[in-house]
Amino acid sequence: MTQWKEYSIQINREVSEAVSNIFIEAGSQGVSISDRADFLNLPEYGFDTLWALDEKDFPADGIVVKGYFSVNVDEEEMIANLKEKIEQLKDFGFELGPYTVTAHSMDEENWATAWKKYYHPVRITRFMTVVPDWEEYEPESGDEKLIQLDPGLAFGTGTHPTTRLCIQALETVLKGGETVVDVGTGSGVLTIASALLGAQSIHAFDLDDVAVKSAKDNIQLNQLDAEIQVQANDLLKGIDLEADVVVANILAEIITPLIPDAWRVLKEGGLFVSSGIIEEKKTLILDQLKEQGFDIQQVLQMKDWIAIIAQKPEDN
């Protein structure tokens, strides 16, 4: 049986996406995140199917991000490299706080399948339920929409507060027939939700080729290939589109340079939905959106996470 090394980084929640990217850039074969906020974040809607979570699997402080590498990788060198990359995050304004980096060996079977026992159908908004591909599930009402998802280890299950906030925002702004651009698509959950909510043309981008494949696989699961185009790209650099909605569930530090390009590709009256923003960064992003010329339509919050709906004004 193939052996793998699991490297675990326990660190401040703010840097979860950045640390995930460090693992992916280092060649990790998968990334998982254990966040106590996910354990404590019970759904707002009355239903019985939930994550079968065990509290002891979640850190009391911060988060644990895990990456998986071949046992042939030198452990001391990998730990030193991970620590160096983490320290470099300070140059981008991240506050790291105390953190630890550890490693242990595990079998491929445990790595590839054990996590699935925690993942069950979850209604993430009043009208939208994420269903893992290996689970059977029947809608509880006629207006319930199902997102079939095989998230893999790297790109999440669609149940994180930032994703929920984005889908709530999309339910608010999509009326049908829109062109939507999803920046940093990950598992593709927001593109699938957009299609189910009536968007006509959807373009999804992610910098990571593995994420692009993950999104394409999930889009195929939902039989939405015709509505959604996915490709690798660095945010919206070089993209020439006219969008009704741009949605980005990424770090605040990445939203900042994205704002001018979101403005560029949006039609007059178009909407920019941004999430992945911790409460401490809310004012920063709001100020930058206003400086660009956006009108703030709505600010959504779930625990410590923020999503913003901003509109590009029409030229009167």
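In straight-distance terms, cross-link reach from LYS216 covers every one of the lysines whose alpha-carbon lies under 25 Å from its own, apart from those fewer than eight places away in the same chain; here that gives LYS66, LYS116, LYS117, LYS145, LYS175, LYS237. Each peptide in 184-194, 123-133 receives the mean, over its residues, of other Cβ atoms within 10 Å, and ordering these scores from highest gives 184-194, 123-133.
In sequence order, the range 228-239 has phi-based couplings of 10, 10, 10, 8, 6, 6, 7, 6, 10, 5, x, 8 Hz under the Karplus curve 6.51 cos²θ - 1.76 cosθ + 1.60, θ = phi - 60°, and Gly or Pro positions carry x.
No lab work stands behind these numbers, since they all come straight from the coordinates. From a predicted model like this one, the values you see are computed outputs, not experimental measurements. Ideal geometry is used to build each Cβ from the backbone, glycine not excepted, and the neighbour counts take in all protein chains shown.
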